[in-house]
Amino acid sequence: MASPVSILGCGWLGRPLGAHLVEQGLEVCGSTTTPEKREALREDGIDPVLLRLDPDLSGDPGALFASPILVLNIPPPRSEDDVTAVHRQQVRAVLEAARAGAVEWILFASSTGVYPNVERTVSETDCPPGQPDALPGPRRRTGEALLNVEGLLMEAPAVDVTIVRLGGLYGGDRHPGRFLAGRSDVARPNAPVNLIHRDDAVGVFATLLAQNIRGEVFNACADEHPTRRALYTRAAEALGLEPPTFDRDDPTTGKRVSNQRLKDRCGYTFTHPDPLADLVDAPTAE
């Protein structure tokens, strides 16, 4: 049997990933911050542990750090004033526990938000982990925090790290029609959208695990990048919601995130290559 896998953060993405790995015959241990969710994880075949990062570890990690492979799926805490410092302490606490345990390889769920809002196509080499000056420009605070901890992870001794920069997540109960419905004068109507369906996010992590690809950085977003106007108008209409209106006088666009390296290196084929096609194929609400 392949090595057991632990997932720190079995929420909207981590739990389906854990269930998928269980179906493949792997032993999976997963953490949750909610006591009530432990039984749901058990039903999926995941060994649950109750754990928090406040920002240090609290709770009983159980077998979480006894696995040689750890999927680290903890987003930066948006409510913190100094989100970079807090998230860095969270990841540092995980690294200390990982090194004290049996963890040899960490797969980190990052975000394409590490790239600044530049009007060009961006790839992994444009913005190495921990190096914001390599591609200067405006970033959200969470993007700054993630890029910082990417550097911390990549420099960590005695553990291999693979970074997955996920696009905006949709699928399941997370429908893009709710993201901007009813809003007025939304900026950058012609900006490309960088999204990834949850099925593909799970598929990317499963592929990296199966191929044992370590020490590398990958963008994970769909092949196609419809404009904000096209995507979010159709998405709202599909749910029968009021579509957003856009600032027609705003000519700015934004970054288009390339997934070419993931396809070339891993041979990955997206199940949902075009977010807009998902919406076009879906029935419009009555």
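Here is a yes/no grid of residues against (1) farther than 18 Å from Pro275 by Cα; (2) free of Cβ contacts under 8 Å to residues at least 12 places away in the same chain:
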{"position": "Gly168", "(1), (2)": "no, no"}
{"position": "Pro192", "(1), (2)": "no, no"}
{"position": "His197", "(1), (2)": "no, no"}
{"position": "Val204", "(1), (2)": "no, no"}
{"position": "Ile213", "(1), (2)": "yes, no"}
{"position": "Glu242", "(1), (2)": "yes, no"}
{"position": "Asp249", "(1), (2)": "yes, yes"}
{"position": "Arg256", "(1), (2)": "no, no"}
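Answer yes or no as to whether Ala98 is touching a helix residue (DSSP H, G or I) at 6+ places or on another chain (Cβ under 7 Å), assigned to a helix (DSSP H, G or I), within 16 Å of Gly9 (Cβ to Cβ) and among the aliphatic types (A, V, I, L, M). The answer is yes for Ala98.
Could you tell me whether Ala66 is under 26 Å from Met154 (Cα atoms), surrounded by fewer than 16 Cβ atoms within 10 Å (Cβ to Cβ), of a type in the set (A, V, I, L, M) and in contact with a Cys (Cβ under 9 Å, 6 or more places away or on another chain)? Spelling it out, Ala66 is indeed under 26 Å from Met154 (Cα atoms), surrounded by fewer than 16 Cβ atoms within 10 Å (Cβ to Cβ), of a type in the set (A, V, I, L, M) and in contact with a Cys (Cβ under 9 Å, 6 or more places away or on another chain). When Thr271 is tested against (1) at pLDDT 95 or above; (2) surrounded by 14 or more Cβ atoms within 10 Å (Cβ to Cβ); (3) in contact with a strand residue (DSSP E or B) (Cβ under 9 Å, 6 or more places away or on another chain), only condition (2) is not met.
Look at (1) modelled with pLDDT of 95 or more; (2) touching a Lys or Arg at 6+ places or on another chain (Cβ under 8 Å); (3) crowded, with 19+ Cβ neighbours inside 10 Å and you find that Leu279 fails only one, number (1).
Please enumerate the residues belonging to segment 160-175 that are assigned to a loop (DSSP other than H, G, I, E, B) and buried (at least 17 other Cβ atoms within 10 Å of the Cβ).
Gly167, His175
For every residue, the table says whether it meets (1) part of a helix (DSSP H, G or I); (2) closer than 27 Å to Ala230 by Cα; (3) at pLDDT below 95.
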{"position": "Pro138", "(1), (2), (3)": "no, yes, yes"}
{"position": "Thr142", "(1), (2), (3)": "yes, yes, no"}
{"position": "Glu150", "(1), (2), (3)": "yes, no, no"}
{"position": "Leu153", "(1), (2), (3)": "yes, no, no"}
{"position": "Gly177", "(1), (2), (3)": "yes, yes, yes"}
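Note on segment 117-136: among residues that are out of contact with any helix residue (DSSP H, G or I) (no Cβ under 8 Å at 6 or more places or on another chain), assigned to a loop (DSSP other than H, G, I, E, B) and in contact (Cβ under 8 Å) with a residue 24 or more places away in the chain, the one that is nearest to Arg261 (Cα to Cα) is Arg120. Filtering segment 184-220 down to residues that are among the basic types (Lys, Arg) and not in a helix (DSSP H, G or I), which residue is nearest to Leu70 (Cα to Cα)? That would be Arg214. Just one of the listed residues (Asp185, Asp223) is within 17 Å of the chain's Cα centre (by Cα), among the charged types (D, E, K, R) and surrounded by fewer than 18 Cβ atoms within 10 Å (Cβ to Cβ), and it is Asp223.
Considering only segment 1-42, state which residues are in a helix (DSSP H, G or I), surrounded by 14 or more Cβ atoms within 10 Å (Cβ to Cβ) and either among the charged types (D, E, K, R) or touching a residue at least 40 places away in the same chain (Cβ under 8 Å) (or both).
Residues satisfying the conditions are Gly14, Arg15, Pro16, Leu17, His20, Leu21, Lys37, Arg38.
Could you look through segment 221-240, keep only residues that are part of a loop (DSSP other than H, G, I, E, B) and modelled with pLDDT under 95, and pick out the one that is nearest to Ser111 (Cα to Cα)? Here the answer is Leu239. Inside segment 52-62, residues that are part of a loop (DSSP other than H, G, I, E, B) and in contact with a Gly (Cβ under 9 Å, 6 or more places away or on another chain) make up a count of 1. Within segment 43-51, one or more residues are part of a helix (DSSP H, G or I), at pLDDT 95 or above and acidic (Asp, Glu).
Please work out which residue is nearest to Leu64 (Cα to Cα), limiting yourself to segment 16-38 and to residues that are charged (D, E, K, R) and touching a strand residue (DSSP E or B) at 6+ places or on another chain (Cβ under 8 Å).
Only one residue fits best here, namely Glu27.
Scanning segment 63-74 for residues that are in a loop (DSSP other than H, G, I, E, B) and under 19 Å from Ala109 (Cβ atoms), we see that the one that is nearest to the chain's Cα centre (by Cα) is Asn73.
The values are calculated or read from the model by the stated rules, or taken from the named source; none is laboratory data. Note that the structure is a prediction, hence the values are computed from the model and not measured. Every residue, glycine among them, receives a Cβ derived from its backbone with ideal geometry; neighbour counts consider all protein chains shown.
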